[in-house]
1. Can you tell me which condition B:Leu196 does not meet? The list is (1) closer than 22 Å to B:Leu86 by Cβ; (2) in contact (Cβ under 8 Å) with a residue 60 or more places away in the chain; (3) not in a helix (DSSP H, G or I), and all the others hold.
2. Counting residues that are farther than 25 Å from A:Phe378 by Cα, which strands (runs of 3 or more DSSP E) fully inside segment A:158-267 reach at least 1?
3. Considering segment A:338-349 alone, what residues qualify as being within 11 Å of A:Pro294 (Cβ to Cβ) and modelled with pLDDT of 95 or more?
4. Restricting to helices (runs of 4 or more DSSP H) lying wholly in segment A:6-54: which have 2 or more residues that are closer than 25 Å to B:Tyr352 by Cβ and facing another protein chain (nearest Cβ under 8 Å)?
5. Please indicate, with yes or no, whether at least one residue in segment A:216-230 is over 25 Å from the mean Cα position of the chain (by Cα) and aromatic (Phe, Trp, Tyr).
6. State which residue is surrounded by the fewest Cβ atoms within 10 Å (Cβ to Cβ) when the search covers only segment A:310-347 and only residues that are assigned to a strand (DSSP E or B) and among the basic types (Lys, Arg).
7. Identify, from the list A:Leu298, A:Leu307, the residue that is touching a residue at least 60 places away in the same chain (Cβ under 8 Å), farther than 18 Å from A:Tyr264 by Cβ and either crowded, with 17+ Cβ neighbours inside 10 Å or touching a strand residue (DSSP E or B) at 6+ places or on another chain (Cβ under 7 Å) (or both).
Amino acid sequence: MEAHRCLYCYDAPCTHACPTHIDVPRFIKKIATGNLAGSARAIFDANLLGATCARVCPVQELCEGACVLGAEHKPIMIGRLQRYAMDYAYERDLKLIAVAAATGKSIAVIGSGPAGLSCAGELARRGHSVTIFERRELAGGLSTYGIIALREPLEAALVEANMIERLGVRIEKNAELGRNLDWNDLRARFQAIFLSVGLGTTPAMEIPGEELILDGLLYIEQSKLNDGAMQVGRDVVVIGAGNTAIDCATIAKRLGAEQVTMVYRRTDEEMTAYAHEYEFVKKEGIEFRFLTQPVGVLAENGQVKGLTCVRTDLGPPDASGRRAPQPVNGSEFTICADQIVKAVGQEKPELAARLGLTTEKGFIKVTEEFETSIPEVFAGGDCIRAKNAASTVMAVEDGKLAAIAIHRRIMEQKEGGVHG
Amino acid sequence: MADLSVNFAGIRSPNPFWLASAPPANSGAQVHRAFEAGWGGAVWKTIGAPVLNVSNRYGAWHYGGQRMLAINNVELISDRPLETNLREIAEVKRAWPDRAVIVSAMVESKPEAWHDIIGRIEDTGADGIELNYGCPHGMSERGMGSAVGQVPEYCEQITRWVMEVARIPVIVKLTPNITNIVSPARAAVAAGATALSLINTFNSIVGVDLDSLEITPNIGGKGGHGGYAGPAVKPIALNMVASLGADDVVRGAGLPISAMGGITTWRDAAEFLLLGATSLQVCTAVMHYGFRIIEDLCDGLATWMDSKGFTRISDFAGKTLPRISDFSNFDLSFRAVARIDSGKCIKCNLCYVACNDTAHQCIDLIDTSGRAVPPHSYDERSNGKQEAVGTRPRPRVREEDCVGCRLCYNICPVEGCIDMVELPSGRDPITWNELVKSRRDVTEDWKAMEEYRKKVGIHVH
């Protein structure tokens, strides 16, 4: 029914709005005609991680937000339809992606998150030999560890990584640069390297008692990998108002917290969470404390009792372009809590400094072709996202575009014989 | 409220809507319920020769998520005993004296058989008889139904046998499985029929099962052509009804027409009435939604009549017939162009691709700065709803190049967004027939044609 409702726009805005430019009307019409395998193939043409994207994309801001039916009717449920086509392909284990004849070229990909998997898969389908080095035990990066199960269960991320492996990509797990992986060795073994290392842990807030505050990303990870043993507080306070903070609050609420309060030092005008996420979480019964800045943790015998905060006012815009919060003197108060989670962004990629890469605002700086300051070393995903919000689908597109650039570069090497 | 009652060849009915001779009018209980719902009449499912039916007798054609745009069937005439049908017909007519009860009949092509059935039908008190010359499956293989309707001589012969004995109005039902519907209609007129009805169903194969490779529907591994009806046939039925209305012989004879073929809404009904029908028969829509649809058929029709100032059906029946003409009488100087209302346009750009790929290449895509741009001209790195919506080009017609073909108008999914605007062509009105008379050379020779175009200012690009 829903597939038939699509108007089949020409040069469609949903396709433009999608960072990977999936030909949305094409895959939807294939659903309508009952060509589900063809539909999945049409998605894979533009995006090898269509199954994850179908689950995690902020479609209201992208394809569905651009749907021509949105203004007066309801937009087509593009995300749901994409998931339908992807589920069809994965449930039947269909082999839909053709792999070109081997080129004899080898590329290393560091990190198996969305950017890494996308880049590796795109290179593999072009006939290259690709090895992904993943520092952790499971492939998938944030899809596996950082997307709450409500949106994407663990299996969905792992199945997708497995599909990339079946294109011929090797994934070496527990392999980390500087630990058991040598940079110079990689440089010698591979014609090109793609860095998709993501970002680091949640930065320090430099407040007393911070060691008692849980890291938001670890909180999500724990809920996903081991939610039976997960300890959720009765009164949970989440610091931050981005999408990760919202995810943490959702987990806490759904896993049994009585009271979940989100604390943010600016207002709902400045928060970085998507509007639809904000609406969602309000419906979950989560309370918001805006213009509230944490200044310390109240604890007794190592057990959290509350979060001490001050009120803020908004001053002139800061470096982020948003109005800077300024503490109001003498406004200190305490919010009762037995668990505090912080989700206030991620540390910049520390690898950049170690490898001596040029950076931009702490992120790895790349050219239009996704090449870093070291020739034949490319990068993509959250670790280069100096501008705009990081997202899975942007990482997938980075991986794809970088793969195209890498392919062009190393094939030139072959033909021109410039260097080995 | 407008008066919907009709007098069809002396058969009175409180509204023009009759159940067509088909499964909905298969039994007394059904017709009772239909009359309770408000139907003006019913043409009883054809009675006559003995038959046996099969399962999987109905197929359907679905399109674009819409169920049953057409139905197809291999159901034969009534498989209930003749006596049962005759008894129930009499009971229904007694219970509903104000409704039209017409009995459809089909027997072997022998005068005795027809004389016999006509007498038995008249004994029920029915208001009229419909001769089923249309059934395209099963019965036709036995020399009945469309096997009669397709041969005007047979049609005329059997109608004569019927008219020898009939004392109540006789309606000849025509098959559309024929090149020219006018021929059997004239045969019926010649034989003295009281009225005509059309159309019966079309020969059709509704589909092939792509898993089993069997015909759909599959009847024990086999399948074949069946009678096709429903919304999908309406335009063809309209044309056939109108062509009888436009025929001098048929119209001159003054036979009323009971029209059917895909009537689903009061709008369809009004169209058939405007093209010369006096009563209307409905089957597929009832089989899809039940007898209750009669409510809006009547209510919608009456409301529309009120808005038009028509107080009774006869005020507008056949009113559009004089508009029917041939291409050779159309004004070749008539000019219209498409105009897109940019306020209503949702920029689906379906008009652009249709015009550009398949029509006359006169719609441009205009970017936000007002320049014509090719499709897919956005930067590959741009994305997001703001970017996609904010920079999306809109379609605009180059009116000087628009031939007014009306394709974009038909495609546009937004009501009232594309309008066909009449513009003065600057040329004197002229028809092809007039051109043949005044400038025969232009109609026969390309060179003369080109000179003529140049002279009068017709530019074909």
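1. Exception for B:Leu196: condition (1).
2. Once the strands (runs of 3 or more DSSP E) in segment A:158-267 are filtered for at least 1 residues that are farther than 25 Å from A:Phe378 by Cα, what remains is A:235-239, A:259-263.
3. Result: A:Ile340, A:Lys342.
4. Because the criterion is at least 2 residues that are closer than 25 Å to B:Tyr352 by Cβ and facing another protein chain (nearest Cβ under 8 Å), the helices (runs of 4 or more DSSP H) in segment A:6-54 that meet it are A:13-17.
5. No, every residue in segment A:216-230 fails to be over 25 Å from the mean Cα position of the chain (by Cα) and aromatic (Phe, Trp, Tyr).
6. Checking each candidate, the answer is A:Arg323.
7. Exactly one of A:Leu298, A:Leu307 is touching a residue at least 60 places away in the same chain (Cβ under 8 Å), farther than 18 Å from A:Tyr264 by Cβ and either crowded, with 17+ Cβ neighbours inside 10 Å or touching a strand residue (DSSP E or B) at 6+ places or on another chain (Cβ under 7 Å) (or both), namely A:Leu298.
Every residue, every condition in (1) within 14 Å of another protein chain (Cβ to nearest Cβ); (2) touching a strand residue (DSSP E or B) at 6+ places or on another chain (Cβ under 6 Å); (3) farther than 30 Å from B:Gly254 by Cβ, yes or no:
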{"residue": "B:Phe17", "(1), (2), (3)": "no, yes, no"}
{"residue": "B:Gly38", "(1), (2), (3)": "no, no, no"}
{"residue": "B:Lys45", "(1), (2), (3)": "no, no, no"}
{"residue": "B:Gly48", "(1), (2), (3)": "no, yes, no"}
{"residue": "B:Ala70", "(1), (2), (3)": "no, yes, yes"}
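The values are calculated or read from the model by the stated rules, or taken from the named source; none is laboratory data. Only a predicted model underlies this, so the values are computations on that prediction, with no experimental measurement involved. Positions of Cβ are generated from backbone atoms using ideal geometry, with glycine treated the same way; all protein chains shown enter the neighbour counts.
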